[in-house]
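Here the structure comes first, spelled out in structure tokens, and everything after it is commentary.
The values are calculated or read from the model by the stated rules, or taken from the named source; none is laboratory data. Given the structure is predicted, the values throughout are model-derived calculations rather than measurements. Here Cβ is always computed from backbone atoms with ideal geometry, including for glycine, and neighbour counts include all displayed protein chains.
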Amino acid sequence: MNSDSNERAADVIVVGAGNAAACAALSAREHGASVLMLEAAPRELRGGNSTFTGGMLRFAYNGPDDLRQVVPEMVEMDLSNVEFDTYTEGQFFDDMGRLTQYRCHPDLTEVMIKRSFDTARWMCQQGVRLQLTLGSHAFNVGGKFKFWGGLPCQIWGGGPGLVEALHKRLEQQGIPVLYETPAIDLLHDDRGVTGVRARRDGRTVELHARAVVLACGGFESNAEMRARYLGPNWDLAHVRGTAFNTGRGIQMALDIGAMPMGHWSGCHATEWDMNAPPFGDLSVGDSFQKHNYTFGIYLNARGERFLDEGADFHTYTYAKYGREVLNQPGQFAWQVFDQKVTHLLREDYRIRRMTKVQADTFEELVTKLEGVDAGRALATINAYNAAPRPDVPFDPNVRDGLATRGLPIEKSNWATRLDKPPYHAYGVSCGITFTFGGLKVDTEAAVQDTAGKRIPGLFGAGELVGGLYYHNYASGSGLMSGAVFGRIGGRSAALHAASLR
Ligand SMILES: Cc1cc2nc3c(=O)[nH]c(=O)nc-3n(C[C@H](O)[C@H](O)[C@H](O)COP(=O)(O)OP(=O)(O)OC[C@H]3O[C@@H](n4cnc5c(N)ncnc54)[C@H](O)[C@@H]3O)c2cc1C
């Protein structure tokens with residue numbers, strides 16, 4: 001490693017070692033650049049939030065023929081009882097528009113969507129393996145699986161599998177990663193960005209390069225920035241993933257005049273076990289999440305429901321409902337289910353480390369819901385059960401229209417009565433996933449300054465890109481946006497470096 005000298009460490013320095021960074025590094029290498037990666041975490045904690053994911057990957061596809069290109073095992077599978085449907089670019093656009101209240105940046109969104117399938121294929125070429133999400137994103141109803149929510153694929157081995165595959169490829173490509181080496185500043189002069197200042201072995205070092213790709217996450221792990229930008233009580237949220245995404249990458253770019261973009265007071269936050277540790281724990285991964293509220297009801301400390309649990313498939317609501325839980329008294333809530341839906345609950349509801357109570361009657365159950373007004377809770381459950389519903393069958397594979405009528409807050413789908421004991425309930429609070437505010441990049445992943453011009457030599461990818469998400473999020477698109485813009489940013493950085501040779 002070159003330090004404290006003007007000798008170049010590499011053509012391209014990539015800051016971070018998660019999905020976006022690895023894709024950027026591999027793409028820069030593919031386009032002829034020498035690459036050095038800097039990772040703030042030690043090797044055993046490498047890969048940031050990407051390691052914590054369940055590996056859901058959203059991309060546009062036009063039917064099973066497309067899926068076979070990324071899941072070759074499908075050829076040998078008996079899929080006669082599976083209905084695949086499509087998830088076209090148009091459907092992906094509709095989801096992004098609807099979920100972000102039509103604020104998502106049109107050009108960046110278009111790039112993410114139009115490049116999504118090709119990028120999924122490219123990830124497979126890098127050694128990432130995909131599998132079908134039968135059972136979790138397609139339920140067996142009447143002997144038939146039907147995919148819903150645009151997510152038929154997930155990465156083998158989840159986040160750890162993804163990061164292992166990408167890092168194996170980085171090693172094959174001879175791309176070094178300097179662990180425990182956080183970048184702290186950008187080196188910058190009239191030519192643009194010329195490298196980074198980093199901390200290594202207790203010293204500050206300067207690492208020179210022709211281009212830098214920032215792919216080092218948002219500010220979700222920084223309680224001070226959360227409170228400053230997201231608002232009161234966000235400093236109290238659990239962090240679902242890495243402790244290393246402290247917003248430094250965003251800050252160092254702002255310090256040299258980068259333009260902020262996106263929903264700076266917004267974030268992705270979900271329902272997360274109320275007794276989970278303050279940061280993610282890789283031995284549990286994402287299993288502290290509790291996303292099957294669509295099949296039950298929520299109760300807060302006042303014993304009241306406070307949102308429409310059946311507004312949509314959880315993949316379209318879970319990322320905004322963490323905020324709803326944070327806004328409840330005491331920042332917690334309980335999810336209540338009966339036995340009829342137990343088989344639909346994900347593995348996350350069967351782990352050892354979770355906050356669960358169970359009882360044969362609601363009278364008993366409500367006394368076990370710690371912190372909850374038991375009398376009001378019982379009245380709420382009874383009112384929910386008594387509410388009239390249309391005579392339609394419960395079907396978890398579609399928005400079934402089984403809705404309550406006449407409650408202060410209706411449940412719009414899957415409002416089956418809670419009537420089969422024993423009843424079970426799960427205590428959750430808010431877990432932040434990542435922040436939505438970030439840097440303005442163009443469609444080549446070049447970081448823009450406040451005058452709308454490119455900062456020469458600076459590129460950005462992943463969570464720290466602003467402008468894609470506002471208010472809400474479509475599950476599986478975080479990894480995809482990181483891969484798409486990482487791949488583009490790596491290429492752009494390599495081309496920029498080549499232009500300076
Ligand atoms: C529990 C959980 C489950 C999720 N599940 C999914 C899912 O199934 N599908 C999906 O699409 N998305 C999922 N997400 C979101 C997804 O993780 C992110 O959108 C995506 O991983 C972000 O990738 P990234 O490369 O930008 O950031 P990260 O993967 O977080 O990588 C950032 C890297 O930068 C490093 N770093 C930070 N600061 C510095 C610095 N100053 N210098 C050097 N290195 C630094 C970090 O250590 C880390 O390695 C999930 C997130 C969590 C937390």
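Key figures
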item	result
Residue check for Asp419: over 18 Å from the mean Cα position of the chain (by Cα), of a type in the set (Asp, Glu) and over 30 Å from Ile297 (Cα atoms)	no
Yes/no for Tyr293 being in a helix (DSSP H, G or I) and either away from the ligand (no atom under 16 Å from the Cβ) or surrounded by fewer than 24 Cβ atoms within 10 Å (Cβ to Cβ) (or both)	yes
Residue under evaluation Val428, criteria (1) away from the ligand (no atom under 16 Å from the Cβ); (2) not in a loop (DSSP other than H, G, I, E, B), criterion not met	(1)
Residue identified as among the β-branched types (Val, Ile, Thr), surrounded by fewer than 16 Cβ atoms within 10 Å (Cβ to Cβ) and touching a Lys or Arg at 6+ places or on another chain (Cβ under 7 Å) among Val35, Val75	Val75
Test: Ala243 is under 18 Å from Ile455 (Cα atoms) and either assigned to a helix (DSSP H, G or I) or among the small types (Gly, Ala, Ser) (or both)	no
Yes/no for Val441 being β-branched (Val, Ile, Thr) and within 14 Å of the ligand (Cβ to nearest atom)	yes
One residue from Thr317, Thr355 being among the β-branched types (Val, Ile, Thr) and closer than 23 Å to Ser477 by Cα	Thr317
Selection count where residues are touching a Phe, Trp or Tyr at 6+ places or on another chain (Cβ under 7 Å) and at pLDDT below 95, scope segment 36-65	2
Residues being among the aliphatic types (A, V, I, L, M) and more than 14 Å from Arg29 (Cα to Cα) - total across segment 162-180	4
Residues located in segment 461-472, provided they are more than 7 Å from the ligand (Cβ to nearest atom) and modelled with pLDDT of 95 or more	Val465, Gly466, Gly467, Leu468, Tyr469, Tyr470, His471
Count of residues meeting criterion [assigned to a loop (DSSP other than H, G, I, E, B), under 30 Å from Val398 (Cα atoms) and in contact with a Leu (Cβ under 9 Å, 6 or more places away or on another chain)] in segment 249-289	1
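Table: residues versus (1) hydrophobic (A, V, I, L, M, F, W, C); (2) within 14 Å of the ligand (Cβ to nearest atom).
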| site | (1), (2) |
| --- | --- |
| Gln172 | no, no |
| Val177 | yes, yes |
| Glu180 | no, yes |
| Leu186 | yes, yes |
| Gly202 | no, no |
| Arg210 | no, no |
| Asp235 | no, no |
| Ala243 | yes, yes |
